[in-house]
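Undergrad: Starting off with a structure, shown below.
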Amino acid sequence: MLDYLASLAVFAGIYALLGLGLNLVWGLGGMVNLGLAGFFAIGAYASALSALHLHFPLVAASFFAMLLAAAAGALLAVVTARLKGDYLAIVTLGFAEVIQLIAGNEIWLTNGTDGLSAIPAPGRGTLSPLAFDLSSAGIVWLVLAAIAAAFGRLSAAPYGRVLRAIREDEMVARIAGKNVLSFKIGAFSASAAVMGLAGSLYAAYDGYVAPDSFDVLVTLLVVLALTAGGVGRMQGALVGAVLVVVLTEGTRFFGGLLPGLSALQVASLRQGVIGLFLLLLLRVKPDGLLPERIRVHPLDDEGETTR
Amino acid sequence: MPEPPLLSVRALTRSFYGVRALAGADFDVASGTITALIGPNGAGKTTAFQCLSGVVPPEGGRVLFAGRDITSWPPERISRAGLVRTFQIARGIPRLSVLENLLLYAKAQPGETMWSALIGGCRATARRARDRALAIARRLDLIGVANQPAGALSGGQKKLLEIGRALMAEPKLVLLDEPIAGVNPTLAERIAAHLESLRAEGITFLVIEHHMDIIARLCDPVIVMAEGRTLRTGSFSEIAADEAVQLAYLGMPA
Ligand SMILES: Nc1ncnc2c1ncn2[C@@H]1O[C@H](COP(=O)(O)OP(=O)(O)OP(=O)(O)O)[C@@H](O)[C@H]1O
Ligand SMILES: [Mg+2]
């Protein structure tokens with residue numbers, strides 16, 4: 001049971017990282033980046049390959065993964081600089097599909113659909129399975145805490161203000177003297193780097209990566225997590241990710257409660273229940289559990305009270 | 001020898017789907033004035049602002065500002081050079097507070113690059129920007145709503161915020177597109193008084209307006225545009241007495 005909880009914590013942490021990454025670019029910057037699974041895959045493969053062939057330790061492999069994902073993010077940002085809304089969503093979704101296709105077909109590099117296995121990770125083989133799960137959970141949540149703190153700072157700083165302005169009216173941001181394109185490239189690559197980092201941790205923990213781990217379902221779940229948690233607020237991304245992982249995993253036990261249903265029926269029922277729950281949640285809290293807040297400044301020497 | 005104008009616009013042209021919104025507009029704005037830009041609806045006044053601010057590139061002509069040719073510059077560069085415009089339909093950032101909207105326009109903000117945001121930049125500069133924003137909010141009677149989202153402001157307050165944002169950018173020249181349209185007479189008077197005192201502090205204004213009484217009191221000179229061209233330039237009384245101007249406005253001699 002404890003190792004199950006520990007592995008749940010690992011996955012929740014990885015989803016939370018993806019959620020934070022998406023929140024920077026979509027929640028603050030307003031750019032619908034559905035290329036998430038692509039950056040996640042780039043990070044996972046970069047980390048796995050550098051660990052397998054170059055014997056990079058996890059830290060170095062993760063930096064490599066972030067670098068590669070950030071570069072891909074910057075490239076995608078430049079290419080899509082003039083796209084917005086649905087058009088941006090479609091192009092970024094296409095990018096993720098392309099990455100998955102490459103992972104499936106460039107067999108010399110990725111070993112195709114068979115995937116890469118026996119990816120080394122700190123403690124695998126030397127620690128007991130339980131200790132490995134616990135230490136992995138510790139590593140993931142430490143990384144998550146660091147990234148959440150960093151993104152929280154970005155969001156609260158003037159940097160976050162500019163991204164929010166770009167989200168709502170790009171032209172006003174430009175008239176305010178901001179170089180919108182460079183903000184877009186920066187946000188895109190920072191978010192891609194964090195998604196790549198999530199991929200690196202995933203590859204190390206699972207020890208195995210294959211193209212079908214990076215399909216559109218991952219993107220969908222993270223978008224759901226962010227919507228449920230609260231778009232535009234970093235804590236919202238964390239809460240939403242934990243909620244979605246708990247929901248998807250928690251409903252796993254349905255089968256036991258409902259004898260007489262086939263595995264397929266239980267699986268469909270699970271998805272239905274998750275969907276229903278999120279629908280109800282958004283009906284009650286349309287802006288998610290932790291909606292974005294207006295920043296309240298003290299009005300100092302006037303002695304005015306603040307809300 | 002006369003000082004060269006702060007802004008010179010020469011033979012500016014721009015069409016939309018075959019409509020010639022600007023058909024060779026020429027005018028100057030002298031430093032230290034509140035210059036009016038008037039003309040009937042559809043004369044091309046807002047389009048002139050769009051071209052001056054870099055939002056819409058002109059098809060022909062030149063724009064000189066403070067001795068530099070800014071004709072094909074992008075909007076952010078034009079703003080940073082000190083030419084800042086407002087919008088005819090107020091366009092604050094709805095989900096940022098009034099104060100944050102002002103701070104958005106502050107120049108050289110620490111914490112606007114990812115790196116300085118992470119390591120926590122220069123507090124003194126941030127403090128100065130905040131004090132400036134508070135001073136502008138106080139001056140424009142926006143202090144009571146300083147922490148409200150801009151989207152929740154009344155129409156008049158939105159107009160004030162348009163002016164406030166432009167001021168925050170430390171401009172040399174502000175382009176105001178109908179700053180008192182749809183504003184009650186008392187507030188209109190207050191806005192006019194604000195412009196007067198800001199002019200006294202060294203800011204130059206080019207103002208599009210339809211309210212003749214305010215223009216008469218506030219603006220000198222007055223530029224009249226019609227059908228994408230500059231028709232006349234002069235003091236308000238000269239303009240008001242001009243038959244070509246009356247014809248353009250009324251479609252017949254008054
Ligand atoms: N983005 C655009 N697309 C198409 N046509 C436009 C556009 N902007 C302006 N026009 C046209 O250009 C002409 C001039 O418009 P402009 O907004 O400059 O007028 P204006 O002098 O500001 O009028 P008003 O006093 O009514 O604000 C109009 O015929 C208008 O329809
Ligand atoms: Mg207009």
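Undergrad: Report whether or not residue A:92 is among the polar types (S, T, N, Q), open to solvent by less than 70 Å² (accessible area, probe 1.4 Å) and more than 29 Å from residue A:8 (Cα to Cα).
TA: Details: among the polar types (S, T, N, Q): yes; open to solvent by less than 70 Å² (accessible area, probe 1.4 Å): yes; more than 29 Å from residue A:8 (Cα to Cα): no.
So residue A:92 fails the test.
Undergrad: Can you tell me how many residues within segment A:133-191 are within 10 Å of chain B (Cβ to nearest Cβ), farther than 30 Å from residue B:170 by Cβ and of a type in the set (Gly, Ala, Ser)?
TA: Within segment A:133-191, residues that are within 10 Å of chain B (Cβ to nearest Cβ), farther than 30 Å from residue B:170 by Cβ and of a type in the set (Gly, Ala, Ser) number 3.
Undergrad: Which one of these does residue A:212 not meet: (1) touching a residue at least 60 places away in the same chain (Cβ under 8 Å); (2) open to solvent by 40 Å² or more (accessible area, probe 1.4 Å); (3) within 14 Å of another protein chain (Cβ to nearest Cβ)?
TA: (3)
Undergrad: Can you tell me how many residues within segment B:27-46 are near ligand 1 (Cβ under 9 Å from one of its atoms) and open to solvent by 20 Å² or more (accessible area, probe 1.4 Å)?
TA: 4
Undergrad: Condition (residue is in contact with a Lys or Arg (Cβ under 7 Å, 6 or more places away or on another chain) and either under 20 Å from residue A:174 (Cα atoms) or of a type outside the set (Val, Ile, Thr) (or both)) applied to segment B:117-129: is it met by at least one residue?
TA: Taking every residue of segment B:117-129 in turn, at least one turns out to be in contact with a Lys or Arg (Cβ under 7 Å, 6 or more places away or on another chain) and either under 20 Å from residue A:174 (Cα atoms) or of a type outside the set (Val, Ile, Thr) (or both).
Undergrad: Please work out which residue is nearest to the other protein chains (Cβ to nearest Cβ), limiting yourself to segment B:168-190 and to residues that are assigned to a helix (DSSP H, G or I) and without any contact (Cβ under 8 Å) to a residue 60 or more places away in the chain.
TA: Only one residue fits best here, namely B:190.
Undergrad: Only residues that are closer than 18 Å to residue A:231 by Cα, free of Cβ contacts under 8 Å to residues at least 40 places away in the same chain and open to solvent by less than 50 Å² (accessible area, probe 1.4 Å): list them for segment A:131-160, please.
TA: Those that are closer than 18 Å to residue A:231 by Cα, free of Cβ contacts under 8 Å to residues at least 40 places away in the same chain and open to solvent by less than 50 Å² (accessible area, probe 1.4 Å): A:150, A:157, A:159.
To keep it simple, each residue is scored yes or no on (1) more than 8 Å from chain A (Cβ to nearest Cβ); (2) in a loop (DSSP other than H, G, I, E, B); (3) closer than 22 Å to residue A:166 by Cβ.
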{"residue": "B:73", "(1), (2), (3)": "yes, yes, yes"}
{"residue": "B:90", "(1), (2), (3)": "yes, yes, yes"}
{"residue": "B:107", "(1), (2), (3)": "no, yes, yes"}
{"residue": "B:124", "(1), (2), (3)": "yes, no, no"}
{"residue": "B:131", "(1), (2), (3)": "yes, no, no"}
{"residue": "B:157", "(1), (2), (3)": "yes, no, no"}
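Undergrad: On to the next question. I want to confirm something. Restricting to segment B:47-58 and keeping residues that are more than 12 Å from chain A (Cβ to nearest Cβ) and near ligand 1 (Cβ under 8 Å from one of its atoms), which single residue is least open to solvent (accessible area, probe 1.4 Å)?
TA: So the first thing to find is which residues in segment B:47-58 are more than 12 Å from chain A (Cβ to nearest Cβ), and the list is B:47-48, B:51, B:57-58.
Still in the list and also near ligand 1 (Cβ under 8 Å from one of its atoms): B:47-48.
On the way: B:47: 22, B:48: 1 Å².
Among those residues, the one meeting the criterion is B:48.
Undergrad: What number goes with the only condition from (1) crowded, with 20+ Cβ neighbours inside 10 Å; (2) under 30 Å from residue B:18 (Cα atoms); (3) at pLDDT below 95 that residue B:88 does not pass?
TA: (1)
Undergrad: Does residue A:200 fit the bill of being surrounded by 24 or more Cβ atoms within 10 Å (Cβ to Cβ), small (Gly, Ala, Ser) and part of a helix (DSSP H, G or I)?
TA: Spelling it out, residue A:200 is indeed surrounded by 24 or more Cβ atoms within 10 Å (Cβ to Cβ), small (Gly, Ala, Ser) and part of a helix (DSSP H, G or I).
Undergrad: Filter segment B:143-159 for residues that are without any contact (Cβ under 8 Å) to a residue 60 or more places away in the chain and open to solvent by 10 Å² or more (accessible area, probe 1.4 Å) and give the result.
TA: Pass one, segment B:143-159, residues without any contact (Cβ under 8 Å) to a residue 60 or more places away in the chain: B:143-152, B:154, B:156-157.
Listed by number, the residues that qualify are B:143, B:144, B:145, B:147, B:148, B:149, B:151, B:152, B:154, B:156, B:157.
Undergrad: Looking at (1) assigned to a helix (DSSP H, G or I); (2) surrounded by 19 or more Cβ atoms within 10 Å (Cβ to Cβ), which is the one condition that is false for residue B:225?
TA: Just one mismatch for residue B:225, condition (1).
Undergrad: Another question, then. Does segment A:155-183 hold any residues that are within 11 Å of residue B:76 (Cα to Cα) and β-branched (Val, Ile, Thr), and which are they?
TA: A:172, A:175, A:180
Undergrad: Tell me which helices (runs of 4 or more DSSP H) are completely within segment A:215-258 and hold 1 or more residues being surrounded by fewer than 24 Cβ atoms within 10 Å (Cβ to Cβ) and touching a Phe, Trp or Tyr at 6+ places or on another chain (Cβ under 7 Å), or say none if there are none.
TA: Details: elements: A:216-229, A:234-250, A:254-257.
Counting at least 1 such residues, we get A:216-229, A:234-250.
The values are calculated or read from the model by the stated rules, or taken from the named source; none is laboratory data. The shown structure was predicted, so the numbers you read here are calculated from the model rather than taken from an experiment. Glycine also receives a Cβ, built like all others from the backbone with ideal geometry; neighbour counts cover every protein chain displayed. Heads up: the accessible areas ignore ligands, DNA and RNA and are worked out on the full protein's heavy atoms, side chains in. Shrake-Rupley method; radii C 1.70, N 1.55, O 1.52, S 1.80 Å.
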